[in-house]
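Visitor: Before I ask anything, here is the structure I am working with.
The values are calculated or read from the model by the stated rules, or taken from the named source; none is laboratory data. Everything numeric in this text was worked out from a predicted model, so none of it was measured. Here Cβ is always computed from backbone atoms with ideal geometry, including for glycine, and neighbour counts include all displayed protein chains. The protein model used for the area step is the full one, side chains on, heavy atoms only, and it has no ligands, DNA or RNA in it. Shrake-Rupley method; radii C 1.70, N 1.55, O 1.52, S 1.80 Å.
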Amino acid sequence: PVPFETVSVEEFIELLKDPYYEEGFVEYELGKRVDEYNGIAQVFQSFYAKDSKGVEGKGVTSYQLVYYNERWWIANIIWTESNNTPIPEQYLDEENKSTK
């Protein structure tokens with residue numbers, strides 16, 4: 001099975017308070033694909049991340065969104081690291097296609 005992680009909004013907020021993220025964790029977008037129809041959207045966003053110890057990784061985050069009260073709300077987030085599996089080109093910006 002492909003490793004993945006999913007958490008509730010409350011759990012996600014708690015994760016961000018972890019010293020791991022406060023001590024030098026950085027994440028950059030490598031590209032994204034947005035599919036939207038009639039108030040729902042699916043976003044696949046590729047990323048590069050590096051922690052304060054120098055551990056690097058790449059992967060894809062999937063966001064499900066709903067449009068309500070004149071704004072977009074995140075309904076769900078799920079992400080996975082690439083673990084040496086190339087990130088599909090449709091999720092990478094042109095300048096990052098060589099960084100799969």
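Visitor: For the modelled label position 7 Å from the Cα of S8 along Cα-to-Cβ, which residues of region 69-89 have backbone nitrogen atoms closer than 16 Å?
Guide: Taking a point 7 Å out along Cα→Cβ of S8, the residues of region 69-89 whose backbone N falls under 16 Å are 75-77.
Visitor: While we're on this one: Using the heavy atoms of the protein chains and a 1.4 angstrom probe, tell me the accessible area per residue for region 22-91 in square angstrom. Walk me through the numbers before you get to the answer.
Guide: Working: 4840 Å² over 70 residues.
Ligands and nucleic acids excluded, the figure is 69 Å² per residue.
Visitor: Note the count of lysine pairs whose C-alpha atoms are less than 24 angstrom apart in the chain, limited to pairs 8 or more residues apart or on different chains.
Guide: 13
Visitor: Separate question: Once label points are set 7 Å from the Cα along Cα→Cβ at both L16 and S52, what is their separation, rounded to one decimal in nm?
Guide: It works out to 1.8 nm between the two label points.
Visitor: What relative contact order, as a whole-number percentage, does the chain give when Cα pairs under 8 Å and 6 or more residues apart are counted? Numbers along the way, then the final one.
Guide: Working: 172 pairs, mean separation 26.3, N = 100.
Taking the mean separation of contacting Cα pairs over the length of the chain, I get 26 percent.
Visitor: Now for a different question. Taking a label point 7 Å from the Cα of R33 along the Cα→Cβ vector, which residues of region 68-96 have an amide N closer than 15 Å to it?
Guide: Inside the label zone: 86-94.
Visitor: Quick check: at a probe of 1.4 Å, how many percent of the accessible area of the chain sits on carbon and sulfur atoms? Mind showing how you got there, number by number?
Guide: Details: 3920 of 7390 Å².
On the chain, the fraction of accessible area on carbon and sulfur atoms equals 53 percent.
Visitor: In the P(r) worked out for region 43-100, what percent of Cα pairs fall beyond 13 Å?
Guide: Working: 1091 of 1653 pairs.
Here the long-distance tail beyond 13 Å is 66 percent of all Cα pairs in region 43-100.
Visitor: Any idea what diffusion coefficient the chain gets from Stokes-Einstein, in µm²/s, Kirkwood Rh on alpha carbon pairs, 37 °C, 0.692 mPa s?
Guide: 222 µm²/s
Visitor: Between the DSSP loop rule and a limit of at most 14 other Cβ atoms within 10 Å, which GluC sites (Glu not before Pro) in region 43-100 are left? Walk me through the intermediate numbers first.
Guide: On the way: sites: E56, E70, E81, E89, E94, E95; in loops: E70.
Qualifying residues, ordered by number: E70.
Visitor: GNM, the chain, Cα, under 10 Å: largest mean-square fluctuation among Y67, Y37, Y48?
Guide: Of Y67, Y37, Y48, the Gaussian network model singles out Y37 as fluctuating most.
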